[in-house]
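Data block below; observations after.
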Amino acid sequence: MSRPATGAAANPSGHSGVRAGPAGWPVVLWDFDGTVADTVDAIIAAHQRAFTEVLGQPWDEAEIRRWIGRPLVESIRLAAVPQADEIIRVYLSRTDVEQLAHSYPGVPELLRDLAAAGVRGGLVTSRRRSSTEAICRRLKLTDVIPLLVAGDDLDQHKPAPEPLWLALDRLGARPDQAVYVGDALVDVASARAAGLAAVAVTWGAGDEAALRAAAPDHVVRDVAELRALLGLPPAA
């Protein structure tokens, strides 16, 4: 997929049919794990069960945290152990992340308020579609953020730009009209590669110092700060 056209050259009238929200971004795209859904502890535990069962010992937790945001198969293969395929099999057969996931406090309300303000949204995640949809149904998020680009929709994954470009294409929007909100270094890198503004949140898997060093456009520490950045009033 090629990069969508941007700016006046793409549309001399300056309009794309996508109405700007309160902060000027008509489109807000979201990472899922560690940003919208609090799955980080469950993901780490699932990895450690699989590594321990196959290798007889757990893996370095800090390294697992750095993997979050990438597809499962790709991340476990980063461990470069001969038993990677067996670890993946055990992980998928024993994982309970879908059952243990919950929303970060204030995030569902933020999504609803953005939608009510006319801001279009979408999830762009490396998680498999069936798993993401199951979590969204359980957390009652499907209606407020119906667009999903999942890890099995494309061969390219974050930090590549293609997943974000696909979301923009489905929304009929340009990169300069959108912001990507995520908790991982791959989220910042993907936004940069795709031409979107990047907002890093510190409540997920990412290390705050590392996120700041990646130079996103904004770093926010809580949902109240994110609401203000996106132009919304404080939650009631």
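Computed from the coordinates by the stated procedures, all read-outs in this text should not be read as laboratory data. All values reported here derive from a predicted model rather than from experimental measurement. Methodologically, a virtual Cβ is constructed for each residue, glycine included, from the backbone with ideal geometry; neighbour enumeration extends over all protein chains shown.
Before we move on, is LEU232 buried (at least 19 other Cβ atoms within 10 Å of the Cβ) and either among the β-branched types (Val, Ile, Thr) or in a helix (DSSP H, G or I) (or both)? Against the criterion (buried (at least 19 other Cβ atoms within 10 Å of the Cβ) and either among the β-branched types (Val, Ile, Thr) or in a helix (DSSP H, G or I) (or both)), LEU232 does not qualify. Is there a residue in the range 174-184 that is surrounded by 19 or more Cβ atoms within 10 Å (Cβ to Cβ), among the β-branched types (Val, Ile, Thr) and more than 21 Å from VAL73 (Cβ to Cβ)? Yes, that holds for at least one residue. Quick check on the range 207-229. Is at least one of its residues within 14 Å of the chain's Cα centre (by Cα) and closer than 22 Å to ARG70 by Cβ? No: the range 207-229 contains no residue that is within 14 Å of the chain's Cα centre (by Cα) and closer than 22 Å to ARG70 by Cβ. Taking the range 86-107, which residues are surrounded by 17 or more Cβ atoms within 10 Å (Cβ to Cβ) and either part of a loop (DSSP other than H, G, I, E, B) or under 19 Å from the mean Cα position of the chain (by Cα) (or both)? Result: THR95, VAL97, GLU98, ALA101, SER103, TYR104, VAL107. The residue list LEU114, LEU123 contains one member that is surrounded by 22 or more Cβ atoms within 10 Å (Cβ to Cβ) and either in a helix (DSSP H, G or I) or small (Gly, Ala, Ser) (or both), which is LEU114. Hey, any hits in the range 184-194 for a residue that's touching a residue at least 12 places away in the same chain (Cβ under 8 Å), among the charged types (D, E, K, R) and over 21 Å from LEU168 (Cα atoms)? No, there is no match, as no residue in the range 184-194 is touching a residue at least 12 places away in the same chain (Cβ under 8 Å), among the charged types (D, E, K, R) and over 21 Å from LEU168 (Cα atoms). Considering ALA37, ALA80, ALA62, ALA42, the condition of being hydrophobic (A, V, I, L, M, F, W, C) and either farther than 29 Å from ALA194 by Cβ or over 21 Å from the mean Cα position of the chain (by Cα) (or both) is satisfied by ALA80 alone. When residues in the range 142-170 are screened for being out of contact with any Ser or Thr (no Cβ under 7 Å at 6 or more places or on another chain), in contact (Cβ under 8 Å) with a residue 40 or more places away in the chain and either surrounded by 16 or more Cβ atoms within 10 Å (Cβ to Cβ) or within 22 Å of HIS102 (Cα to Cα) (or both), 6 of them pass.
Kindly indicate whether GLY204 is part of a strand (DSSP E or B) and either crowded, with 22+ Cβ neighbours inside 10 Å or charged (D, E, K, R) (or both). Taking the combined requirement at face value, the residue does not satisfy it.
For the range 45-78, taking the residues that are in contact (Cβ under 8 Å) with a residue 24 or more places away in the chain and not in a helix (DSSP H, G or I), the one that is surrounded by the most Cβ atoms within 10 Å (Cβ to Cβ) is identified as GLY69.
When you scan the range 126-200 for helices (runs of 4 or more DSSP H) that lie fully inside it, which ones turn up with 3 or more residues that are under 18 Å from VAL27 (Cα atoms) and either of a type in the set (Val, Ile, Thr) or touching an Asp or Glu at 6+ places or on another chain (Cβ under 9 Å) (or both)? Spell out how you get there, then give the answer.
Numbers: elements: 129-138, 162-171, 185-194.
Here the list reads 162-171, 185-194.
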